[in-house]
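A.B. asks: For reference, the structure I am asking about is given below.
The values are calculated or read from the model by the stated rules, or taken from the named source; none is laboratory data. Quantities reported herein were computed from a predicted structural model and do not represent experimental measurements. Glycine gets a Cβ as well: all are built from the backbone with ideal geometry, and neighbour counts include every protein chain shown. Please note that ligands, DNA and RNA were not included when accessible areas were found on the heavy atoms of the full protein model with its side chains. Shrake-Rupley method; radii C 1.70, N 1.55, O 1.52, S 1.80 Å.
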Amino acid sequence: MSQYVTFTLADALYGVDVMRVQEVLRVRARTRVPLAPPDVAGLVNLRGQVVLTIDLRTRLGLAPLVDDEPTMVVVQVAGEAVSLLVDAVGDVVEVGPDTYEPPPPTLAPHLRVVIRGTHKLEHRLLLVLDVDAAVAPHPAGPALTPTLEPR
């Protein structure tokens, strides 16, 4: 059995291995980093520790969150804390291998890089996020996809 901390981004349900999650917090004041890619939302002071904050919506090429304040999911990546901005945090779910499937071939290529697979829950799909891939810098650019801004 696997346990995932769930969160939503643009009405899709994502999960991160519960062992990778350090804590969940309300959004905190961030310090912008000059010349940082747009998906780097800034740095936060987390009890004296400076933590990089990644805007997952921007990183995944989704439209910005409007009228709501995101939530911070602090995860461990290579022994360092990294904060992910998500729309809302859900529950911890426990799933077995019988509900798992690899990412569907119809999933956009830029998402296949960060989605390890899916679990079929009772009423929806859980997209399992590869945290390491989601926070890794990408040589092709700051976001996993081209920007959604009109050209």
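A.B. asks: Just to be sure, is TYR4 open to solvent by less than 50 Å² (accessible area, probe 1.4 Å), modelled with pLDDT of 95 or more and in contact with a His (Cβ under 9 Å, 6 or more places away or on another chain)?
C.D. replies: Considered against the rule, which asks whether it is open to solvent by less than 50 Å² (accessible area, probe 1.4 Å), modelled with pLDDT of 95 or more and in contact with a His (Cβ under 9 Å, 6 or more places away or on another chain), TYR4 comes out as yes.
A.B. asks: Further, regarding this structure: When you check ARG30 against the structure, is it without any contact (Cβ under 8 Å) to a residue 24 or more places away in the chain and surrounded by 14 or more Cβ atoms within 10 Å (Cβ to Cβ), yes or no?
C.D. replies: yes
A.B. asks: Taking strands (runs of 3 or more DSSP E) that fall entirely within the stretch 71-143, which contain at least 3 residues that are closer than 17 Å to GLN3 by Cβ and touching a residue at least 24 places away in the same chain (Cβ under 8 Å)?
C.D. replies: 71-77, 88-95, 125-129
A.B. asks: Of all residues in the stretch 39-57 being within 11 Å of the chain's Cα centre (by Cα) and among the hydrophobic types (A, V, I, L, M, F, W, C), which is surrounded by the fewest Cβ atoms within 10 Å (Cβ to Cβ)?
C.D. replies: ILE54
A.B. asks: Still on this structure, I have one more. What is the residue count in the stretch 96-142 for residues that are over 17 Å from THR8 (Cβ atoms) and touching a His at 6+ places or on another chain (Cβ under 6 Å)?
C.D. replies: 2
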